[in-house]
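Asker: Let me give you the structure first, and then I'll get to my questions.
The values are calculated or read from the model by the stated rules, or taken from the named source; none is laboratory data. Just so it is clear, the model here is predicted, and its values are computed rather than measured. Here the Cβ positions follow ideal geometry from the backbone for every residue, glycine too, while neighbour counts run over all protein chains shown.
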Amino acid sequence: MCGKMNAREMAPAEPPSHLQQPMTEGADDPAESHGGRQIAVLVRQTQEAHYALCVASLQAARLPAGYALEIFPLTAAQPYAKQVNEILSRTTAKVKIFINDDVCLTSPLAIEQMLEIFREEDVGMAGFLGSRSLPVSGNLLEAPDVWGAVRMPMKGRLEEIRFGKADEQTFTADVRFLCPSFFATQIDLPWDESYEGQYYAVLAHCRAMEEYGKRIAAPLPQEIWCAYQQENISFDAGEEDRRRYFAAYHPYVGDAVPAKGQLALYACGKDAQVEGWQSFSHPEGIAVGARTKLHKTVLCRLLSDNFEGEPRISVGDDCTIDAYSTLTAHNRIVLESLVTVGANVQIKDYTRAEEDLGLAAEERGLLGRACGIHIGCAAEIGANVVIEGAVQIGCGARVRAGSVVKSDVPAYCIAEGSPAHVVKAFSSREGKWLATPDEAALARVLEEREKTGPLLAYAFITYNRSQYLRKSLRSALQQVGNDPLVEVLVSDNASTDETRTLVKEQQKRYKNLRYFCNEKNIGAEGNIHKAIERSCGEYVIVAGDDDYLQDGALRVVLDNIRKYRGAALFHLRKENVPRRVHEDAGIIPYIAYVGYHMTWIGGVVFRRELYPLIEEPQKYDYTGMPQVYLQLEMLRKNPKFVILYGMFLTEGSGERTPSGFNFAETFIKHYLDILMAASEIPAYLLSDEKKRLMDELIYDCLQKIVRYQHDLSLDGIFDIVREYYGEEPYYEEVVTKIEGIVPTETIGKQRKDRKGAVNGS
């Protein structure tokens, strides 16, 4: 058992008083904006008597006009998360209430007030009790920052137990973990079925909701919502579930038995190495990203208790901090991804008042600003550096060993000295580092950089797929931060979901994120053109909203743009080998090396200045793959190209199922038509490309279409194959293989001439 709340005596035999009194009539609907009027209630059943009383309290609760409860029992003998997912597939209710049968409502206002909390759309979960930190034991009730209220049976009556206090402005408190006994959601996320029990399944769901960008709230009501029916409360926190949870979210903890109340880090990413975490002060306010390595002698500490909604010390993904370095936060210290910190570095976001009379240094007043210290992506801090006060160090900046930094260092600048000053700055226009002997020289480089604009734009095209865009945006922004050399753009095809809200929220943190929304849906192809036209980068990648970047992928692209600047195209060739580069020129070599991979829009880095030179850029929009034509036309203007081999997207990319178009018409007919029309391809190369297309793409895609019953038309596939492969010596082999994959009756049932987006919209 994970957690226990003990009362001195057993619960009274009589039901709570509110169940013995007539209820108030339902009020006008306070939650009209919530959509569906059903509220699904999932009741975990352990005892028949408790269950009956719990359901009776739910039925007695006041509901907004027109609302109704649909109650689904959950058995304690079956895996909790699996049961929840099954019920979520059956109900259309937006709001789901989760309650254990040892809890009953004691306030008729509980559900109404829950709906009131959900008027704030950024709240994804709410529960009667929660905490802002999590002890290593897993028992959130041992945390020092529990919020909420409940009634417990004590001395024959229900006693109020309150954590936190409401004020006139605040009805709820933000928390990170909810007690599983009673809570609700208004956002549907899949539950992790790897957990058998309820307790850690709920904690993991809280983390998933947080990662999705939604708040978790605990109310502080005047009239307490609920009561336990018994004094001894326990949770089904099995050892396997505990191990699984901490391996996923706090892998540094291991199997060591912690001292009571020892708090876990705010967050810790996968494969992070944080051996010295037990020496951290207030670890609940310290976050460490994935694959980040902190030497065992590194010390992170907060000067006061944390929780303001975000960690006070945040170290991003793929960072390295060497031995005996110390991070001390009075306000906030943020290291973005890919930051390298050398040995014996001291980073503190404050200084001590020098004017205080007769006091030791540790007793003098703290001087610092709320903005704290911010170190941008891919910055490098040399050994024995001191950084103190409110300091901003930009993306790609470098501070040489032994320097003392007390003022800002702009992005892509090199600083040294005590106090540190900028000695070199990267010139976007010249593509190299320039000496900056004085402030005027630095100002000239920075002004020139501002006028030149970013080197790279990463532009997402999207339509009503915010659930995918959220993940793809995160994968891009986490690795580029506020990099002035990289622009992130969203070209929204008139979405009606929460896409706009999602992007606007991210824009508060990232000033290099830009958003455009078309007045109407102009189709995927039209949106590709809009994305290119709207971008400010010297080069631009147009990505789908389910393209999830590998860590550091954009950094690799940016560095190669610097090295091979001037090329018309960079192609990101997916290949599971150490990254390598091939430089070449001409349409024919490009087809030979790249071939059908041209159809992947997210794998092409266009030189944007060549786009306006194409006479008819939308000439082949009807094919569903204008990107193929654009590549070939740009090579006519500038034959130079570079192929970057490696893995640039994660395995989970492309999870949006393609639909609504004729597969063979698009990927055989249209692709080959563009090749033959746009260039004079030697017969041998065309034949080789057709075979490569079939062997490496078509067969595999057909198998997936049939197996997973994708909404893609295969009408006319044999006619198309005969037209384009009939003269090839391997034609009969192609037909035989396709017949073995695609049953004739399957084709007969397909709808004809369905049109849609190949690359998303």
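Asker: All but one of (1) closer than 30 Å to L714 by Cα; (2) within 30 Å of the chain's Cα centre (by Cα) hold for V581; state the number of the condition that does not hold.
Answerer: The number of the failed condition is (1).
Asker: Of the conditions (1) at pLDDT 95 or above; (2) under 19 Å from R656 (Cβ atoms); (3) in a loop (DSSP other than H, G, I, E, B), V490 fails just one. Which one is it?
Answerer: Of (1) at pLDDT 95 or above; (2) under 19 Å from R656 (Cβ atoms); (3) in a loop (DSSP other than H, G, I, E, B), only one is false for V490: (3).
Asker: Could you list, in sequence order, the residues of the range 271-297 that are out of contact with any His (no Cβ under 9 Å at 6 or more places or on another chain) and assigned to a loop (DSSP other than H, G, I, E, B)?
Answerer: Listed by number, the residues that qualify are D271, A272, F280, H282, G289, A290, R291, T292, H295, K296, T297.
Asker: How many of the residues in the range 599-614 are of a type in the set (A, V, I, L, M, F, W, C), in contact (Cβ under 8 Å) with a residue 40 or more places away in the chain and either exposed (fewer than 15 other Cβ atoms within 10 Å of the Cβ) or within 21 Å of F667 (Cβ to Cβ) (or both)? Lay out the reasoning, then the answer.
Answerer: Step one: of the range 599-614, the residues of a type in the set (A, V, I, L, M, F, W, C) are 600-601, 604-606, 610, 613-614.
With in contact (Cβ under 8 Å) with a residue 40 or more places away in the chain added as a condition, the list becomes 601, 604-606, 610.
Cutting the leftovers down to either exposed (fewer than 15 other Cβ atoms within 10 Å of the Cβ) or within 21 Å of F667 (Cβ to Cβ) (or both) gives us 601, 604.
Counting residues in the range 599-614 that are of a type in the set (A, V, I, L, M, F, W, C), in contact (Cβ under 8 Å) with a residue 40 or more places away in the chain and either exposed (fewer than 15 other Cβ atoms within 10 Å of the Cβ) or within 21 Å of F667 (Cβ to Cβ) (or both) gives 2.
Yes/no per residue for (1) within 22 Å of the chain's Cα centre (by Cα); (2) crowded, with 18+ Cβ neighbours inside 10 Å:
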site: V480; (1), (2): yes, yes
site: P484; (1), (2): yes, yes
site: D492; (1), (2): yes, yes
site: T496; (1), (2): yes, no
site: T499; (1), (2): yes, yes
site: N512; (1), (2): yes, yes
site: N527; (1), (2): no, yes
site: G537; (1), (2): no, yes
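Asker: In the range 145-155, how many residues are in a loop (DSSP other than H, G, I, E, B) and either within 22 Å of E116 (Cα to Cα) or modelled with pLDDT of 95 or more (or both)?
Answerer: The qualifying residues number 0.
Asker: Can you find, within the range 116-145, the residue that is farthest from P180 (Cα to Cα) among those that are more than 26 Å from the chain's Cα centre (by Cα) and crowded, with 22+ Cβ neighbours inside 10 Å?
Answerer: The extreme case among them is A143.
Asker: Just the residues that are outside any helix (DSSP H, G or I) and of a type in the set (D, E), please, taken from the range 609-630.
Answerer: Passing the criteria: E615, E616.
Asker: Residues that are under 34 Å from the mean Cα position of the chain (by Cα) and at pLDDT 95 or above, at least 2 per element: which strands (runs of 3 or more DSSP E) completely within the range 370-468 meet that?
Answerer: 373-375, 386-388, 413-417, 420-427, 456-462
Asker: Okay, next question. Being buried (at least 20 other Cβ atoms within 10 Å of the Cβ), within 18 Å of G138 (Cα to Cα) and of a type in the set (A, V, I, L, M) is the filter here; which residues of the range 156-208 pass it?
Answerer: Listed by number, the residues that qualify are V175, L178, A201, V202, L203, A204.
Asker: Among the residues of the range 221-232, are any surrounded by fewer than 17 Cβ atoms within 10 Å (Cβ to Cβ) and closer than 20 Å to S137 by Cβ?
Answerer: Within the range 221-232 (the criterion being surrounded by fewer than 17 Cβ atoms within 10 Å (Cβ to Cβ) and closer than 20 Å to S137 by Cβ), the answer is yes, since at least one residue qualifies.
Asker: Of V423, V386, V391, which residue is surrounded by fewer than 24 Cβ atoms within 10 Å (Cβ to Cβ) and in contact with a Pro (Cβ under 9 Å, 6 or more places away or on another chain)?
Answerer: On the way: V386 fails: in contact with a Pro (Cβ under 9 Å, 6 or more places away or on another chain); V391 fails: in contact with a Pro (Cβ under 9 Å, 6 or more places away or on another chain).
The conditions single out V423.
Asker: Do we find a residue being of a type in the set (S, T, N, Q), at pLDDT below 95 and under 30 Å from P153 (Cα atoms) anywhere in the range 270-284?
Answerer: No: zero hits.
Asker: Give me the residue from the range 208-224 that is touching a residue at least 12 places away in the same chain (Cβ under 8 Å) and touching a Lys or Arg at 6+ places or on another chain (Cβ under 9 Å) and, out of that set, farthest from S133 (Cα to Cα).
Answerer: This residue is I224.
Asker: Which pairs have Cβ atoms under 9 Å, sit 6 or more apart or on different chains, and link a residue in the range 156-181 that is more than 22 Å from V202 (Cβ to Cβ) and modelled with pLDDT under 80 to one that is assigned to a loop (DSSP other than H, G, I, E, B) and not aliphatic (A, V, I, L, M)?
Answerer: The qualifying pairs are G156/E9; G156/P12; A166/P221; A166/Q222; F171/P221.
One line per residue, one yes/no per condition, for (1) of a type in the set (D, E, K, R); (2) assigned to a loop (DSSP other than H, G, I, E, B); (3) at pLDDT below 90; (4) under 33 Å from the mean Cα position of the chain (by Cα):
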| position | (1), (2), (3), (4) |
| --- | --- |
| E14 | yes, yes, yes, no |
| M23 | no, yes, yes, no |
| G36 | no, yes, yes, yes |
| L42 | no, no, no, yes |
| Y51 | no, no, no, no |
| R62 | yes, yes, no, no |
| A77 | no, yes, no, no |
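Asker: Kindly indicate which of C300, C206 is assigned to a strand (DSSP E or B) and at pLDDT 95 or above. Write out each step before concluding.
Answerer: Numbers: C206 fails: assigned to a strand (DSSP E or B).
None of the others qualify; the one that does is C300.
Asker: Based on this model, can you work out whether K406 counts as touching a residue at least 12 places away in the same chain (Cβ under 8 Å), surrounded by fewer than 23 Cβ atoms within 10 Å (Cβ to Cβ) and assigned by TED's automatic domain parsing to the domain that holds V605?
Answerer: No: the conditions fail for K406.
Asker: Which of the residues spanning the range 630-679 are surrounded by fewer than 18 Cβ atoms within 10 Å (Cβ to Cβ) and farther than 23 Å from R607 by Cβ?
Answerer: Scanning the range 630-679 gives M647, T650, E651, G652, G654, E655, R656, T657, S659, G660, D673, M676.
Asker: So which of Y266, Y228 ends up being in contact with a Pro (Cβ under 9 Å, 6 or more places away or on another chain), closer than 30 Å to L158 by Cβ and modelled with pLDDT of 90 or more?
Answerer: Matching residue, one of Y266, Y228: Y228.
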